[in-house]
Structure formats: C-alpha cells, structure tokens
Amino acid sequence: MQCRVIGMWGGFPKQNGPTSGYLIEHQGFTVMLDCGSGVLVKAQDYIDLNKIDHVVLSHYHYDHNADIGAYLYSRLVNTQIGRADTVLNIYGPESESFRKEVEGMLGSRFKSFDETTSLTLGPFLFEFKKNAHTVEAYAMKITCEDKVMVYTSDTLFTDDLISFAQGADLLITECSLYHGTDGSRMGHMTSREAGILAHHSQAKKVLLTHLPHYGNLQDLLEDAKQQGNRNVHLAEPGMLIEL
C-alpha cells in the first residue's frame with residue numbers, strides 16, 4: 001500500500017499547498033481520502049482524475065471537501081465526452097443535502113457510513129470511529145493485506161483514538177495547534193496530544209497533518225517527538241509513504 005499526501009494545511013490552502021487530501025493505492029487501485037481546497041489541481045500531478053472512482057470524506061468542512069463540487073463536474077463532463085465510463089462514488093456521513101448534490105450530477109453517486117460500517121473498496125477495508133469535533137466527523141482505519149493505516153481527520157484527543165490506532169503501520173494524525181492552546185471549542189488536537197497518541201498507540205510511522213499557517217512548524221514536530229515516539233514527521237505536499 002502507498003499513501004500520497006496531496007495536501008495537509010488546516011483551514012485554507014497555501015500557495016501550491018492544498019488542504020486535506022490523500023491518495024492511497026495498491027496494485028493500481030486508488031482511493032482518495034478527503035478532497036479539500038486545491039486538492040484536484042495537485043492530484044493531477046500524480047494521477048488522471050478519471051482513474052479514481054472512490055472518494056471517502058471524513059466530514060463536510062470546506063478544508064476537507066471544498067473540491068468535491070469540481071470533481072462532480074469533472075466526472076459529468078468526462079462522462080459526456082466519453083473519457084470516463086465508470087461512476088464516481090462519494091462516501092461520507094449521512095447528509096440529505098449532500099446526497100442530493102452528488103446524485104443530482106450525472107456520473108456520480110453517494111453512499112453514507114457511520115461507526116458500524118465496514119466498507120470494502122478494492123483491496124482496502126475501511127472502518128470508522130466517530131470523532132469529537134464541531135460537526136459529525138470520522139477517523140478511518142484502512143487495512144490492506146497485512147498493513148494498517150489510520151487517519152484521524154479532525155478531532156479532539158480522546159482515549160479511544162489510542163485503541164483505534166493501536167499498532168498502525170502509518171498514523172496520519174491532525175496537529176492543528178501548538179502546545180498550550182486550548183482546542184476544546186475548535187475540536188482539534190495540539191502537538192503534545194498528537195505525540196501522546198503517537199506514543200501510546202505504538203504507531204510505526206507517524207505524520208503530523210492539518211498544520212497551522214503560523215508559528216514554527218518544527219516546534220510542533222519536536223513537541224510531538226518528546227512524548228516518546230521518535231518516528232514522527234511533518235506531512236508535506238507530494239510526500240509518498242510506502243507501507
């Protein structure tokens with residue numbers, strides 16, 4: 001399994017740096033995780049959009065789904081001109097308005113998930129955990145053969161994240177805030193909390209993502225590492241992780 005970081009900024013994109021978006025691939029089968037602002041432009045550096053038939057959205061904040069509307073139009077146009085002959089499947093928490101948006105567009109359909117869902121997409125098995133965030137949001141566990149990847153998406157730190165991510169080969173954890181910031185109203189983790197999750201879950205490799213637009217990002221990294229897991233890295237656009 002491979003994971004490509006397309007974007008990892010929190011809130012809004014930087015120049016040439018999208019918000020949340022990741023491609024996971026195994027033996028030619030690709031799934032997109034989240035599709036935030038700027039993701040569609042940068043994803044095309046690595047893959048033809050018509051070759052991605054599955055997009056899994058953690059929640060409906062713009063920095064995680066802003067480019068979905070453009071993706072729906074992409075599949076509509078490419079279906080009409082004969083460049084795409086498969087349906088674009090969008091998965092996310094149940095939402096009547098979002099379902100209507102997706103299924104009102106030729107070439108796309110919507111399927112919902114919750115904590116009880118086990119979703120098989122090609123070689124990938126998806127499991128979900130409901131997060132503590134300002135809207136309904138989910139962490140994802142993706143299993144492929146003998147490898148496990150966990151993506152927290154946006155959440156406060158909770159003890160059940162540790163068991164959900166236990167032993168992951170790759171943990172992509174949000175790290176929106178510097179230590180000393182109170183993230184309780186925003187529903188986000190600090191660097192220290194991300195480091196605690198990395199350490200107690202015994203994740204083999206950790207990426208800090210959903211990064212802030214201010215301060216020294218190296219401070220986030222060092223604070224996370226000081227919690228005990230030294231195999232922690234800052235996510236960067238275009239980064240490829242092989243599992």
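Descriptive notes on the structure:
- DSSP beta bridges in the range 111-243 [antiparallel fraction, %, rounded to 5]: 60 percent
- Residue among Val206, Val56, Val87 with the largest mean-square fluctuation in a Gaussian network model of the chain, springs linking Cα atoms under 10 Å: Val87
- Per residue, the chain reaches -6000 deg cm²/dmol at 222 nm when only DSSP H runs of four or more residues are counted, each adding -39500 (n - 2.57).
- Computed 3J(HN,Hα) for the range 173-186, one whole-Hz value per residue from the Karplus formula 6.51 cos²θ - 1.76 cosθ + 1.60 where θ = phi - 60°, is 10, 4, 8, 7, 9, 6, 4, x, 8, 8, x, 5, 6, 8, glycine and proline marked x.
- A convex hull fitted around the alpha carbon atoms of the range 66-143 yields 97 Å³ per residue.
- Residues considered: Tyr46, Tyr60, Tyr151. Largest GNM mean-square fluctuation over the chain, using C-alpha springs under 10 Å, is found at Tyr46.
- Label sites at Glu236 and Ala70, each approximated as a point 7 angstrom past Cα along Cα to Cβ, lie 2.4 nm apart.
- Lysines with Cα under 26 Å of Lys141, excluding same-chain neighbours fewer than 8 positions away: Lys42, Lys51, Lys111, Lys129, Lys130, Lys204, Lys205, Lys225
- Cα gyration tensor category, rounded, prolate or oblate, for the range 94-220 with a/c compared to 1.5: oblate
- Ordering of 74-82, 8-16 by burial proxy (mean other Cβ atoms within 10 Å per residue, highest first): 8-16, 74-82
- Correct choice for mean projected area of the Cα convex hull in nm² that was computed from the model, options [x] 12.0; [y] 14.7; [z] 25.7: [x]
- Carbon plus sulfur fraction of accessible area for the chain, probe 1.4 Å, in percent: 47 percent
- Positive-end ranking of Cys144, Leu161, Gln44 along the dipole of the chain, with charges on Cβ about the Cα centre, is headed by Gln44.
- Overall form of the range 1-123 per C-alpha gyration tensor (a/c, 1.5; a/b vs b/c): rounded
- C-alpha center-to-center spacing [the range 123-196, the range 198-237] in angstrom: 13 Å
- DSSP bridge pairs, the chain: antiparallel proportion in percent, nearest 5: 55 percent
- Considering only Ala139, Ala70, Ala84, the mean-square fluctuation computed in a Gaussian network model of the chain, springs between alpha carbons under 10 angstrom, is largest for Ala70.
- Per residue, in Å², the accessible surface of the range 72-149 once ligands and nucleic acids are set aside, probe 1.4 Å: 50 Å²
- Three-way shape label, the range 198-243, alpha-carbon gyration tensor, a/c 1.5: oblate
- Cα-derived Rg to Rh of the range 160-243, Kirkwood definition: 0.94
The values are calculated or read from the model by the stated rules, or taken from the named source; none is laboratory data. Since the model is a prediction, treat every value here as computed from it, not as a measurement. Here the Cβ is made from the backbone with ideal geometry for all residues, glycine too, and neighbour counts use every protein chain on show. Each accessible area value is taken on the protein alone, full model and side chains, heavy atoms only, with ligands, DNA and RNA left out. Shrake-Rupley method; radii C 1.70, N 1.55, O 1.52, S 1.80 Å.
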